[in-house]
Each structure stands twice: as C-alpha cells, then as structure tokens.
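Computed from the coordinates by the stated procedures, all read-outs in this text should not be read as laboratory data. None of these values were measured; they are calculated from a predicted model.
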Amino acid sequence: MGWAPGRSSPAVDLYATRWCGHSQQVRRYLERNGIPYRYIDLEASPEAVRRLRWLTGGSASHPTVVIGDQVIVEPSLGELESALSAQAV
C-alpha cells in the first residue's frame with residue numbers, strides 16, 4: 001500500500017535543480033500526492049550543496065530526497081513511495 005493522503009506526512013526535503021527532468025518528476029509526484037516538502041535549489045545555494053554532500057558522504061547528485069532521517073539519492077518513484085509509506089504515521 002502506498003502513502004495515503006490524510007496520513008501524517010514526514011518531513012521531506014528535496015535537493016534538486018530546476019533543469020533536471022528527474023528532479024521535476026519527483027517534485028510533481030510530491031505535489032500530486034499532496035505531500036508537503038521543502039524544495040532546496042542546489043544552483044541557488046552553495047551552502048545547500050555542501051549540506052547535501054555531507055548528508056550523502058560526498059555526492060551532490062540530484063534529486064536527493066531526505067525523508068525524516070532517510071537519505072535517498074536519485075530515487076525511482078517506487079522507491080520514493082516506499083520510503084514515504086515507511087515514514088508516515
């Protein structure tokens with residue numbers, strides 16, 4: 001079973017760029033499913049890139065999604081849905 005609207009949603013941060021198709025696909029998925037998230041534009045903030053590299057152990061790949069304490073680098077939509085389901089209460 002996937003994440004269901006109406007369930008409590010976890011804190012979600014999306015590290016992405018506006019020109020990356022996969023980043024925008026993840027963004028649209030979150031919006032379509034009513035999942036609140038914080039969009040962090042890697043091109044607009046060198047600090048965000050440093051923070052992302054710290055979270056991933058050196059990678060600045062995008063999209064990277066942080067759900068609670070879980071970091072998912074370049075997730076498929078299925079991986080994203082599973083991670084959201086596991087974190088939702």
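The gain in end-to-end length when the Ala60 to Glu31 segment is fully stretched comes to 8.1 nm, 0.36 nm per residue minus the alpha carbon separation. Helical content alone sets the calculated 222 nm signal of the chain at -11500 deg cm²/dmol, taking -39,500 (n - 2.57) per DSSP H segment of four or more residues and averaging over every residue. In this entry, the range 12-78 is assigned a mean projected area of 4.2 nm², taken as a quarter of its C-alpha convex hull surface.
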